[in-house]
1. For the condition open to solvent by 20 Å² or more (accessible area, probe 1.4 Å), more than 30 Å from A:ASN441 (Cβ to Cβ) and not hydroxyl-bearing (Ser, Thr, Tyr), what is the one hit in A:PRO335, A:PRO317?
2. Do you know which of the residues in segment A:385-411 that are free of Cβ contacts under 8 Å to residues at least 24 places away in the same chain and over 39 Å from the mean Cα position of the chain (by Cα) is nearest to the other protein chains (Cβ to nearest Cβ)?
3. Conditions: (1) loosely packed, with under 15 Cβ neighbours inside 10 Å; (2) assigned to a helix (DSSP H, G or I). A:ALA110 meets all but one. Number of the miss?
4. Can you go through B:MET320, B:MET288 and tell me which one is open to solvent by less than 10 Å² (accessible area, probe 1.4 Å), of a type in the set (A, V, I, L, M, F, W, C) and at pLDDT 95 or above?
5. In segment B:233-247, which residues are closer than 14 Å to B:PRO217 by Cβ and either touching a Leu at 6+ places or on another chain (Cβ under 6 Å) or open to solvent by 10 Å² or more (accessible area, probe 1.4 Å) (or both)?
6. Please go through segment B:124-145 and pick out each residue that is at pLDDT below 95, at negative phi and among the small types (Gly, Ala, Ser).
7. Starting from segment A:117-134, take each residue that is open to solvent by 10 Å² or more (accessible area, probe 1.4 Å) and list its partners that are in a loop (DSSP other than H, G, I, E, B) and β-branched (Val, Ile, Thr), counting only C-beta distances under 8 angstrom and pairs at least six apart or across chains.
8. Of everything in segment B:268-285, what is open to solvent by 10 Å² or more (accessible area, probe 1.4 Å) and either closer than 28 Å to B:ILE213 by Cβ or touching a Phe, Trp or Tyr at 6+ places or on another chain (Cβ under 8 Å) (or both)? Give them in sequence order.
Amino acid sequence: MALSGLEIYKLLPKTNCKKCGFQTCLAFAMQLAKKAVPIDKCPFVAPDVRVILEQASQPAIRLVEIGSGDNKVSVGNETVVFRHEEKFHHPSAIGFLLEDDASDAELNRALDEISKLQFERVGQNIKVDLIALRQKSGKDMFLAALSKIKKVVKLGIVLMPASLDTLKAALEFCGEERPLVYCSDAALLDSFAGVCKERRLPLAFRKPDMNGFSEQTKRFTQQGFSDIVLDIAQNSTSERLWQLTQARRSAVKKGERSLGFPTMAIVETGDEYQAMVQAAAYVTKYASIIILRSRKPEYILPLLTLRQNIFTDPQKPLQVEPNVYTVGTAGEKSPVLITTNFSLTYYTVLGEIEASRIPAYLICVDTEGMSVLTAWAAEKFTPERIADTLIRFELGRIVKHKNLIIPGYVAMMSGDLEEKSGWKIFVGPREAAGISSYLKNL
Amino acid sequence: MAEELRSQQMYGLRVHELKLGATREEGGSRSKVFKIGNQAAMPFLFKEGEIPYAPIIAAEVYDVPDDDWPQSLAEDLKGVSKNPVDWAAMMAEDAGADLVCLKLQGIHPDFGDKNSKDAGSLATALLKRVKTPLIILGCGQGDKDNEVLPYVSEVTKGERLLFGCVVQENYKTLTAACIADGHNIIAESPIDVNIAKQLNILISDIGMPQDRIAINPTIGALGYGLEYAYSIMERARSAALSGDKMLAMPFICFVGQEAWRAKEARVSEAESPLWGNARERGVMWEAMTAIAMLQAGADILTMRHPKAIKIVKAAIAELMKR
């Protein structure tokens, strides 16, 4: 938990010696709170105070990185319980559970399906992140499956070996990559942790409750190992949600360091529909990593979309650059539509114009990412602003007509806009869904 | 024994308890009735406070057929979508919906311009055919709703139904009718906590008891602004449990009508092969929209696809295990 300037001030010598470069200890404390200066600037700070301040500067939930290069996935580092309090920082990593006793054909099919699971939504590429390989047969089978996975897909790896021997061999195989190591056998936990500490790899393990996690992570951190992921056990969905909530809340609200680690939920529910809706619940409530079996695009697309929604910064709606966008092979006679630069609005309108197959120009006015009605109410989508935009983007040079289609929701501004811009205003449909037929009947 | 590590959040207030449907003894004719709300904790956190009732699902039924349905909906509801009474019966009996939500789209001047008598007799016919309470929605055109809904309220007097939606600019007529006829009311606000609260105050001021109001926070579908309503609901519910009585009403979320407008729920597999099976995709789009709303605090979900209803119903049963 971050300390306030006043809390830090109480821990300083309060001698105002100015050695740190500041006039007073209080001024120095304020800068420390902002993390603008290092504590080393104070030559007199007591060693125990130094430890407290260093700890306080750590995030409440540790950041854990899996994979390397383009496949790197970061989880953890969350700061709030509710997204409206600030935002959720690192989207839940979505991964798939594979087992090494699958036949070659099965494994090939799985990898082929998984590699196709990426989609373009509102200008973002949304994709799955991880493959978890669980050992069910001998070491050689595990390594063979691992080798195939590494050849075919470029995703982070979660290793779930059943013995130390397999783990070590698999790690040789992974080279410079940073897999997440998963320990499913309590008897192997210490030896797995030893290997992970030495190689600086993250380790996930399961405990039945918060006390179990807390005791274990305290032991590990004392030994200097803290790249930890808490795998919350598969009880009923409500019990798992309770534990996920407990871990998050204890860490960010109570500063409970021993629970301040990313969390993981492995969904092995047999019913595919129930597995998917369970995963959806864990996206909203605090699972940093979700491992699934189902990999059908018709289920993964909605799940990734939900993740995109929940992890959007509430203070900063997704925006597109204000500009004139050309749809299809538009020319000087093509219709001109205008809307806001809120991404969701832009992409929805764009999709409908595309669906009409009528080439057109779409102008996005800078409304600071607000949607049509919100922007109108906040005076960011006004006749003045639209008229300015038409001039700024030199629409007169792009088309040979002066007809502008505005969203149906702002029909009330058409008279005013006609006067201010000199363009003839046509009122389009209120909902984007009507654009296609509107354009066809123009 | 070490003390159990816990971060428990306790609250001072409960959500109001709203009763839906009246039995013969209570002056109605419903054999199935429901209570919602009255929880003292955030969704499904049973260890922090009592959560006496499970969220319920109302099947969306329209008085006029919708010709703009994606293929999957059109196929799965074929045979019933032209007859609201059969449709309602199928949803309540076979699809497992808890109750029925009748949308009177056909009274809209542009979509059939049906009159009060038409709407009233349809509501009466539905009440005869199904055992559940009804949610009855107007067409969204203020003047026409004010003309038709009070009449429907009167002919269903005593059944303790849920009527909607009233908005800040137009709440008096329908609210007065529901007060007189013993019904509940849905207060709609545009993704805004302050307006939601203000409207609840206005409705209470003209005499509607607080435990007969449900909040419609105006949700967006998965992928289409769902996160806005999600956070508004979390904020409103936190405020309610922490002591704000004027926000302590159950939420109703119109899931089906929103989810099935989403492009991803509509386009065929031929158009978007990488998106997989269209029917399953649409069903999951609706189910996941519903799941997110449940996590934000929804008490009533209105839904459309029989399969999505079954999935979410099973998920609610799992979430209610304590």
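The values are calculated or read from the model by the stated rules, or taken from the named source; none is laboratory data. In this text, all values refer to a predicted model and were calculated from it rather than measured experimentally. So basically every Cβ, Gly included, is an ideal-geometry build from the backbone, and we count neighbours across all protein chains shown. Please note that ligands, DNA and RNA were not included when accessible areas were found on the heavy atoms of the full protein model with its side chains. Shrake-Rupley method; radii C 1.70, N 1.55, O 1.52, S 1.80 Å.
1. Numbers: A:PRO335 fails: more than 30 Å from A:ASN441 (Cβ to Cβ).
Only one candidate passes the filter, namely A:PRO317.
2. My answer is A:LYS402.
3. (1)
4. On inspection, the qualifying residue turns out to be B:MET288.
5. First pass over segment B:233-247, keeping only residues closer than 14 Å to B:PRO217 by Cβ: B:233-240, B:247.
Listed by number, the residues that qualify are B:ARG235, B:ALA236, B:SER238, B:ALA239, B:ALA240.
6. Across segment B:124-145, the qualifying residue is only B:GLY142.
7. Hits for this filter: A:GLN118/A:VAL128; A:GLY123/A:VAL320.
8. At the first step, the residues of segment B:268-285 found to be open to solvent by 10 Å² or more (accessible area, probe 1.4 Å) are B:268-275, B:277-280.
Answer for segment B:268-285, where residues must be open to solvent by 10 Å² or more (accessible area, probe 1.4 Å) and either closer than 28 Å to B:ILE213 by Cβ or touching a Phe, Trp or Tyr at 6+ places or on another chain (Cβ under 8 Å) (or both): B:GLU269, B:LEU274, B:TRP275, B:GLU280.
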